[in-house]
Ligand SMILES: NC(=O)c1ccc[n+]([C@@H]2O[C@H](COP(=O)([O-])OP(=O)(O)OC[C@H]3O[C@@H](n4cnc5c(N)ncnc54)[C@H](OP(=O)(O)O)[C@@H]3O)[C@@H](O)[C@H]2O)c1
């Protein structure tokens with residue numbers, strides 16, 4: 001079993017903060033040359049400094065703009081001198097509101113980013129892997145909410161359910177090109193974004209419904225991520241891997 005990524009180029013979308021920034025560090029530590037992509041380029045520059053220039057590069061990317069997606073891959077190839085072997089399709093956002101209070105604009109923003117954006121990035125990556133005749137691994141960052149709904153996030157839940165089915169459709173189409181496509185479905189992971197909520201009574205109640213009675217830590221995702229990115233999962237494609245402390249099997 002080999003979880004190393006030496007000699008591979010890995011591109012992580014949404015790498016300016018949160019999970020994406022963490023994933024970039026994990027992949028670099030496993031030996032990959034990493035390309036960090038997002039809209040906030042000043043945050044990417046800080047992350048590149050921390051990981052180590054030479055081992056990390058930053059490219060601007062807005063996943064909702066197909067022109068920006070193509071430009072990001074061209075910039076990644078120019079910076080690394082190679083085609084991207086591993087894509088972590090992580091960029092995403094949520095708008096919290098009951099379904100009946102979700103505006104058409106918020107619905108579009110969530111679907112455009114989490115589903116359509118992920119489609120543009122995955123197909124751009126796969127086309128380049130295929131043209132170069134290189135094996136590749138695409139890991140879509142979904143969510144347990146794409147497998148079982150939660151309240152007040154209908155647009156997010158629909159986008160992640162779509163991403164999970166897109167994962168399977170792409171896996172089927174790309175298997176003969178040696179491009180694997182899998183999804184990681186995290187449960188609730190503690191990040192700066194949600195720390196304040198989980199400190200509240202409502203947040204603490206939610207934690208009590210997780211069978212393991214705790215939030216996930218970013219490091220809980222490291223081994224599953226490396227497994228899906230590396231040759232350790234050479235015979236896995238179209239799989240969805242939840243990492244959630246048992247949340248999906250919580251008692252009804
Ligand atoms: N945290 C959790 O508990 C959890 C659980 C399950 C799944 N997830 C998923 O994990 C992923 C990362 O979440 P997170 O918690 O780390 O959230 P986060 O801290 O808000 O990070 C989201 C990232 O996505 C990027 N992004 C958003 N829109 C973009 C766009 N149009 N183009 C390019 N990049 C864009 C942002 O970068 P810029 O603003 O700089 O562009 C940012 O780096 C998301 O897909 C999320 O759904 C998170």
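Values quoted throughout were computed directly from the atomic coordinates according to the rules given, and no laboratory measurement underlies them. For clarity, every value in this text was computed on a predicted model and none was experimentally measured. Methodologically, a virtual Cβ is constructed for each residue, glycine included, from the backbone with ideal geometry; neighbour enumeration extends over all protein chains shown.
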- Hey, with R₀ at 25 Å, roughly what FRET efficiency would residue 100 and residue 197 work out to, going by the Cβ-Cβ distance, to 0.05? 0.65
- Cα axis of helix 66-80 to longest principal axis of the chain: angle in degrees, 0 to 90, nearest 10? 50
- Task: With a/c under 1.5 counting as rounded, go ahead and sort the range 61-172 into rounded, prolate or oblate using the C-alpha gyration tensor (a ≥ b ≥ c being the square roots of the eigenvalues; past the cut-off, prolate if a/b is larger than b/c, else oblate).
- Result: prolate
- Packing-based ranking, highest mean first, of 46-52, 93-99 given that Cβ atoms within 10 Å are counted: 46-52, 93-99
- Rounded, prolate or oblate: which fits the range 1-70, taking a ≥ b ≥ c as square roots of the Cα gyration tensor eigenvalues, rounded meaning a/c under 1.5, else prolate when a/b beats b/c? prolate
- Given labels modelled 7 Å from the Cα in the Cβ direction, how far is it in nm from residue 152 to residue 235? 4.6
- Message: Just to confirm the number: angle between the C-alpha axis of helix 18-29 and the first principal axis of the chain, 0 to 90 degrees, nearest 10?
- Response: 40
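Quote to one decimal, in nm, the extra length available between residue 172 and residue 4 on full extension: 0.36 nm per residue of separation minus the C-alpha distance between them. Intermediate values should be presented prior to the final figure.
On the way: separation 168, 0.36 × 168 = 60.48 nm, distance 2.56 nm.
Additional length available on full extension: 57.9 nm.
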- Note on the structure: Per its Cα gyration tensor (rounded if a/c is under 1.5, else prolate when a/b beats b/c, else oblate), the range 145-252 is best filed as prolate
- Message: What is the angle, in °, between the Cα long axis of helix 118-132 and the longest principal axis of the Cα atoms in the chain? Nearest 10 is fine, range 0 to 90.
- Response: 20
